[in-house]
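Just below is one structure, and these are the notes that go with it.
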Amino acid sequence: MARCSQIETELQAYLDGELSRAKELIVEEHLSACSHCKHEFEILRKSNAHLYESLSPYKLNESLDEQIMKKLPEIDVSYNQTHQITLRVKHQDESPYSFSNIFPYLALTAMTVLGVFIFVSWPYREISDTERIGIAVNIEGNSSIIDKDINNIIKEDNLTSIKTDNYIETKENSIVYSYLKGNSVLKLAGNTRIRILDERTVNLEKGKVWFDVGKDKKVFRVNTPQGIVTVFGTQFQVEVDSTQILTTVHRGEVTVETANQFVVLRQNQQVLLKNNTFASEIKTCDSEKIIAWANEIEPSERILQKVSAYFSNTKPLPITTPASQIFVVPIQKKEISSLELFWDKQKSINSNFTIYASDDELKPLFRYKLTNNLLESFDGEVSIPIPSDISLRNVKLLHIEIISDDIEDSSLMPFTRVFAKN
Ligand SMILES: [Zn+2]
């Protein structure tokens with residue numbers, strides 16, 4: 001079972017609906033068995049409910065922080081905690097269906113995260129949809145949107161449409177604000193080149209982008225030239241240069257992946273990827289400072305209203321969670337050589353899957369990518385080797401989380417059993 005200290009850090013995110021379904025299951029499994037955490041959870045739930053209720057009248061007030069401080073005279077809360085509560089109160093009834101109401105507050109929002117995957121090689125994608133999926137506004141300097149071979153200059157105080165498979169390119173010292181369907185905001189620093197495959201998939205080729213991914217539990221992917229990174233979080237920044245990728249989390253929870261490893265980042269943490277391996281341990285950082293440049297970028301009220309008018313008529317994306325399954329595999333501190341995965345041959349396996357293996361405390365151990373092609377060459381059973389540099393000598397239970405790239409309904413997931421082989 002996961003450790004209490006681990007679960008306690010997840011409770012608020014659990015309440016806010018920011019965890020992946022797999023993580024939710026781990027939290028729920030723990031809460032059903034641990035009276036200590038169950039008690040902590042009830043306190044948190046009640047205080048959240050109380051705050052939401054008492055602060056509702058102030059919801060549209062810009063400076064909620066002050067009101068919260070007044071409501072909590074006897075509690076020692078830091079400014080940062082207060083601010084987090086502000087964000088939650090402001091978005092307590094946030095839903096894709098009330099998009100036009102929340103848009104003016106987009107700048108203040110911390111919207112729920114999705115997943116961001118960064119692949120080693122650019123994924124193949126058939127592009128057929130050519131409708132507008134977002135807009136870009138130039139804030140400073142020179143930048144353009146490249147649509148096929150046509151170079152559209154992005155103008156200041158003017159909306160330029162983004163269609164599927166467009167590139168956005170910024171010159172030195174230029175800054176672009178862009179909005180993608182589904183309430184995601186991207187802010188591009190200078191010397192950045194990004195390819196928008198769809199409203200949930202981008203290739204970051206170079207430069208620096210701040211992401212605030214819209215609340216819509218669908219996977220959001222960022223591909224970069226090296227390393228594989230998966231992010232579950234809220235607000236984060238990815239910086240790519242020719243040799244490394246730096247991911248910084250401002251809010252939420254983020255998983256950064258290489259080919260066979262992954263780490264989980266929380267607020268004010270960052271990790272450096274180099275040559276498809278982690279070049280550093282997870283470091284604590286002042287994310288507020290690191291993303292300060294992005295906080296300064298805000299289009300005019302007039303532009304924001306225009307964007308809102310443009311997209312309020314578009315159909316909100318369906319709320320989906322990437323389908324996942326969790327298996328708990330007892331290994332009792334024995335070194336094992338592989339994991340055996342079985343699936344239901346009656347079910348279609350028309351998807352790629354990623355396997356995340358963590359220990360009893362949910363500490364990441366390794367990841368493994370199972371492609372559809374690989375699975376098709378096996379008959380209902382596949383063996384996943386344990387990476388040689390991973391020691392399981394102190395691990396009692398393995399948490400195996402399997403996430404699908406394409407399946408949206410967990411009941412359609414094909415896997416039936418996972419066990420350890422000596
Ligand atoms: Zn506990």
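The values are calculated or read from the model by the stated rules, or taken from the named source; none is laboratory data. Bear in mind that the values here come from a model prediction, so they are computed numbers and not experimental data. Because the Cβ atoms are built from the backbone with ideal geometry, glycine has one as well, and the counts that use them run over all protein chains shown. What goes into the accessible areas is simple: the full protein's heavy atoms, side chains included, and nothing from ligands, DNA or RNA. Shrake-Rupley method; radii C 1.70, N 1.55, O 1.52, S 1.80 Å.
Within segment 245-279, count every residue that is over 17 Å from Val213 (Cβ atoms), in contact with a Leu (Cβ under 8 Å, 6 or more places away or on another chain) and modelled with pLDDT of 85 or more.
Number satisfying all stated conditions: 8.
When the residues of segment 27-40 are narrowed to those that are within 27 Å of the chain's Cα centre (by Cα) and within 9 Å of the ligand (Cβ to nearest atom), which ends up modelled with the lowest pLDDT? Steps first, answer last, please.
Our first condition is that a residue be within 27 Å of the chain's Cα centre (by Cα); within segment 27-40, this holds for 27-32, 37-38, 40.
So of that shortlist, the ones also within 9 Å of the ligand (Cβ to nearest atom) come out as 30-31, 37-38, 40.
Working: His30: 84, Leu31: 88, Cys37: 89, Lys38: 89, Glu40: 87.
Here the residue is His30.
Out of all the residues in segment 171-191, which are more than 19 Å from Val213 (Cα to Cα) and open to solvent by 10 Å² or more (accessible area, probe 1.4 Å)?
Of the residues in segment 171-191, the ones more than 19 Å from Val213 (Cα to Cα) are 171-174, 190-191.
Across segment 171-191, the qualifying residues are Lys171, Glu172, Asn173, Gly190, Asn191.
Please count how many residues of segment 338-377 are part of a loop (DSSP other than H, G, I, E, B) and hydroxyl-bearing (Ser, Thr, Tyr).
Of the residues in segment 338-377, the ones part of a loop (DSSP other than H, G, I, E, B) are 344-352, 359-363, 371, 377.
Filter once more, keeping what is hydroxyl-bearing (Ser, Thr, Tyr): 348, 351, 371, 377.
Total satisfying the criteria: 4.
Which of (1) touching a Leu at 6+ places or on another chain (Cβ under 7 Å); (2) open to solvent by 50 Å² or more (accessible area, probe 1.4 Å); (3) modelled with pLDDT of 80 or more is the odd one out, the single condition Ile194 does not satisfy?
Just one mismatch for Ile194, condition (2).
Determine which member of the set Asn223, Asn151, Asn158 is at pLDDT below 90, polar (S, T, N, Q) and buried (at least 20 other Cβ atoms within 10 Å of the Cβ).
Details: Asn151 fails: buried (at least 20 other Cβ atoms within 10 Å of the Cβ); Asn158 fails: buried (at least 20 other Cβ atoms within 10 Å of the Cβ).
When all the criteria are applied, what remains is Asn223.
What strands (runs of 3 or more DSSP E) completely inside segment 378-422 contain at least 2 residues that are open to solvent by 10 Å² or more (accessible area, probe 1.4 Å) and touching a residue at least 60 places away in the same chain (Cβ under 8 Å)? Step through it out loud before you land on a result.
Values: elements: 381-385, 397-404, 415-421.
The qualifying strands (runs of 3 or more DSSP E) are 397-404, 415-421.
Kindly indicate whether any position in segment 229-237 is at pLDDT 90 or above and out of contact with any Pro (no Cβ under 6 Å at 6 or more places or on another chain). Working first, answer last.
Filtering segment 229-237 for residues at pLDDT 90 or above gives none.
Scanning segment 229-237 turns up no residue that is at pLDDT 90 or above and out of contact with any Pro (no Cβ under 6 Å at 6 or more places or on another chain).
What about Ile319, is it assigned to a loop (DSSP other than H, G, I, E, B) and modelled with pLDDT of 80 or more? Even if it seems obvious, please write down each step before you answer.
On the way: assigned to a loop (DSSP other than H, G, I, E, B): yes; modelled with pLDDT of 80 or more: no.
Criteria not met by Ile319.
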